[in-house]
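Chemist: This is the structure, below, for whatever I ask next.
The values are calculated or read from the model by the stated rules, or taken from the named source; none is laboratory data. Computed from a predicted model, the values in this text were never measured in an experiment. Positions of Cβ are backbone-derived with ideal geometry, glycine not excepted, and every protein chain shown enters the neighbour counts. Note: accessible area is taken over every heavy atom of the protein model, side chains too, but ligands, DNA and RNA are not part of it. Shrake-Rupley method; radii C 1.70, N 1.55, O 1.52, S 1.80 Å.
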Amino acid sequence: MKNLKKAFSLYWYFFRIGWFTFGGGWSIVAQMQKDYVEARHEIEGQELLDIVSVGRSLPGTMIGNVAYLFGYHMAGVLGGILSVLGIITPPLIILSVLTVFYNNVKDNVLIAKALVGVRAVVAPVILSAVLKLHKGAFPQKLCFVLCGVSCLLSLFFHISCVLLVVLGILSGLLMNHHQKGGKTPC
């Protein structure tokens, strides 16, 4: 019964934030971090970071994957399913309405200016989540090197994200194998 109530509360949570989380999955993750890690203390930042890492690595939309994994973590299979339904319902409604009225708004200057403002606000929201979650992502100094090398490989050598994730897994395993002491590797 507790999981059922939690699952429906997750639907409602994702339904509510789904209306206002412009900027894709990262702005939603930032909101989840603020609400569930900082305010409610229901999940650790490292756990959320792990969920996001797995969700980004799987096929499909990142936020759909993250919502499912988060919901599953919090309330089992039903929690996962209702979290996904909650996060996709608002955009589905918005897109349906916009599709019907698209020709009336596509050249509207006010809408174009409003979207510029939305994009300008989304970047700091995402950056704040990155800054708050970085401790879990970089528990050792070597993790910063791995991050820098990955950025260079992605930006200048156009290495695929899938290959970078696989290389990250192998690097983490290799660091774990050679590590002495109790710190968690990247």
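Chemist: Quick test of your reading of the structure: D107 fulfils all but one of (1) more than 24 Å from G60 (Cβ to Cβ); (2) in a helix (DSSP H, G or I). Name the failing condition by number.
Modeler: Of everything listed in (1) more than 24 Å from G60 (Cβ to Cβ); (2) in a helix (DSSP H, G or I), D107 misses just condition (2).
Chemist: Could you look through segment 1-11, keep only residues that are assigned to a helix (DSSP H, G or I) and open to solvent by 10 Å² or more (accessible area, probe 1.4 Å), and pick out the one that is nearest to A123 (Cα to Cα)?
Modeler: Y11
Chemist: Being at positive phi and either exposed (fewer than 15 other Cβ atoms within 10 Å of the Cβ) or among the polar types (S, T, N, Q) (or both) is the filter; apply it to segment 12-61 and report the residue that is modelled with the lowest pLDDT.
Modeler: G24
Chemist: Please go through segment 75-85 and pick out each residue that is open to solvent by less than 30 Å² (accessible area, probe 1.4 Å) and either in contact (Cβ under 8 Å) with a residue 40 or more places away in the chain or in contact with a Pro (Cβ under 6 Å, 6 or more places away or on another chain) (or both).
Modeler: A75, G76, G79, L82, S83
Chemist: Could you list, in sequence order, all residues of segment 86-96 that are surrounded by 17 or more Cβ atoms within 10 Å (Cβ to Cβ) and under 16 Å from M62 (Cα atoms)?
Modeler: Hits for segment 86-96 are G86, I87, I88.
Chemist: Could you tell me whether any residue of segment 120-138 is open to solvent by less than 60 Å² (accessible area, probe 1.4 Å), among the polar types (S, T, N, Q) and over 21 Å from Q31 (Cα atoms)?
Modeler: No, segment 120-138 contains no residue that is open to solvent by less than 60 Å² (accessible area, probe 1.4 Å), among the polar types (S, T, N, Q) and over 21 Å from Q31 (Cα atoms).
Chemist: Something else: Name the pairs whose Cβ atoms lie under 9 Å apart, with the first residue in segment 111-132 and part of a helix (DSSP H, G or I) and at pLDDT 75 or above, the second among the β-branched types (V, I, T) and open to solvent by 80 Å² or more (accessible area, probe 1.4 Å), and 6 or more positions between them or separate chains?
Modeler: Pairs that qualify, where the first residue is part of a helix (DSSP H, G or I) and at pLDDT 75 or above and the partner is among the β-branched types (V, I, T) and open to solvent by 80 Å² or more (accessible area, probe 1.4 Å): there are none.
Chemist: What about L152, is it open to solvent by 70 Å² or more (accessible area, probe 1.4 Å) and modelled with pLDDT of 80 or more?
Modeler: yes
Chemist: Within segment 20-66, can you find the residues that are under 23 Å from R119 (Cα atoms), of a type in the set (A, V, I, L, M, F, W, C) and assigned to a loop (DSSP other than H, G, I, E, B)?
Modeler: Answer for segment 20-66, where residues must be under 23 Å from R119 (Cα atoms), of a type in the set (A, V, I, L, M, F, W, C) and assigned to a loop (DSSP other than H, G, I, E, B): F20, F22.
Chemist: Tell me which residues, restricted to segment 155-165, are over 17 Å from S53 (Cα atoms) and surrounded by 10 or more Cβ atoms within 10 Å (Cβ to Cβ).
Modeler: I159
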